[in-house]
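Accompanying notes for the structure given below.
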Amino acid sequence: MDLDKLFNQSSSKCQGCSILRQPLSRHSIMDYEDKAQCDILFVSDSLKLFEGDFVAFRANEWNLIMREVRKVGQNTKMIGFTAAVKCPHIKKEDMSAKNRKICRQHLEDTINQYKPKLVFACGSLATMMIYGKNVDDKKARGKAVDFEMAGHKFRLASIFHPYQVIAEPKNAYLFSLDIENNINAEIYGIKKESGFNFTPIFSLDDLNKISKEFIDTEYPIAVDIETTGLNFLDESIQTISMSVLSPDGKQTTISIPIDHKENTQGLHFKAKVCEFIVSVMKNKRNRKILQNANFDLKFLKKYGIEEVYNVFDTKIMQHCYREEIPKSLKDLVAYYFPNEHT
């Protein structure tokens, strides 16, 4: 009994946490108290027993992280490691709202001790503990956001836990990319403006000025639509956007309202827009590049645009090239143009 008290002394901040009633080998292991300030902090789920010591990451997980850090030339002395939960071998389902609130006090102390510029939350438990609530892992993963904890401001990026890479190698590419992109952007300041701009088309005069660039071209045209919903039978197209390169390398991008409140020209304008789209899409001399083309083409067919040639679907192309990467347009832009801001 005396040995049990020796190894299971809990912090005063832990009072009321139901995890203290679990028969663990240790409780309330403060893994940060003697640590120095760092630039980058990797936060795991909970502590694990490894070779007689409690650690945030096992050796193979630690090596995986360090390999990615070294690839971008980061000083490894400025890297910190910690666990979001200070009791060992805790799962996400153990963290009730009350337990999460109590345990998060230690995480705040950890952030205050390390004072990092960039924090990587590795896995869903670490992400939940930092945010203080359940978040959508898929939406949170990859892109850094401004965050503040214990009065300290930093950039927070949720990524796969290295164990998810070891257990499922297909996650390795995204794990590596997320670390590289965020260190480059947040530590080295490697960012650039995309320079993207577009021309809204609100009248037939606007349309006539640019129509030749899109109808009489051999260059690929990117096409995207915005709709009021997902069911093409019940919903409508609000806008259609197109982008094309001219022979001199100039990019022209237009956005045209169809069944959108910005279309103040009425049905005649809408009819002329549909005629323009028909002329663009039936051109056999160039490619039409769409994302998830079946969705767009169903809506276009509803508007009488049925003759479409040479469709290249970026979602299908990504399936063929790298199947393990998410296929949404937002994800593809983030992966292939990581340092651009739009």
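The values are calculated or read from the model by the stated rules, or taken from the named source; none is laboratory data. All of these numbers come straight from a predicted model, not from anything done at the bench. Here the Cβ is made from the backbone with ideal geometry for all residues, glycine too, and neighbour counts use every protein chain on show.
I'd like the full set of residues that are touching a strand residue (DSSP E or B) at 6+ places or on another chain (Cβ under 8 Å) and either basic (Lys, Arg) or crowded, with 19+ Cβ neighbours inside 10 Å (or both), limited to the range 244-256.
Let us first name the residues in the range 244-256 that are touching a strand residue (DSSP E or B) at 6+ places or on another chain (Cβ under 8 Å), namely 244-246, 251-256.
Residues satisfying the conditions are 244, 254, 256.
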Test: residue 291 is in contact with a Leu (Cβ under 6 Å, 6 or more places away or on another chain) and without any contact (Cβ under 8 Å) to a residue 12 or more places away in the chain = no
ask   = What are the residues in the range 95-115 that are small (Gly, Ala, Ser) and either part of a helix (DSSP H, G or I) or in contact with a helix residue (DSSP H, G or I) (Cβ under 6 Å, 6 or more places away or on another chain) (or both), if any?
value = 97
inquiry  = Among the numbered criteria (1) closer than 23 Å to residue 229 by Cβ; (2) at pLDDT below 95; (3) touching a Leu at 6+ places or on another chain (Cβ under 8 Å), which one does residue 311 miss?
reply    = (2)
request  = Can you confirm whether the range 9-18 contains a residue that is free of Cβ contacts under 8 Å to residues at least 40 places away in the same chain and touching a strand residue (DSSP E or B) at 6+ places or on another chain (Cβ under 7 Å)?
outcome  = no
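Restricting attention to the range 203-215, and to residues there that are without any contact (Cβ under 8 Å) to a residue 60 or more places away in the chain and surrounded by 12 or more Cβ atoms within 10 Å (Cβ to Cβ), which single residue is nearest to residue 245 (Cα to Cα)?
The first filter runs over the range 203-215 and keeps only residues without any contact (Cβ under 8 Å) to a residue 60 or more places away in the chain, leaving 205-206, 208-210, 212-213.
Okay, now just the ones that are also surrounded by 12 or more Cβ atoms within 10 Å (Cβ to Cβ), so 206, 208-210, 213.
Details: 206: 18, 208: 18, 209: 16, 210: 12, 213: 9 Å.
Filtering the range 203-215 for residues that are without any contact (Cβ under 8 Å) to a residue 60 or more places away in the chain and surrounded by 12 or more Cβ atoms within 10 Å (Cβ to Cβ), the one nearest to residue 245 (Cα to Cα) comes out as 213.
Among the strands (runs of 3 or more DSSP E) confined wholly to the range 126-245, which include 1 or more residues that are closer than 22 Å to residue 39 by Cα, small (Gly, Ala, Ser) and assigned by TED's automatic domain parsing to the domain that holds residue 83?
Numbers: elements: 145-149, 152-159, 221-227, 237-245.
Per the criteria, 152-159.
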task = Select from the range 82-94 the residues that are touching a residue at least 60 places away in the same chain (Cβ under 8 Å) and not in a strand (DSSP E or B) and write down the one among them that is farthest from residue 44 (Cα to Cα).
result = 94
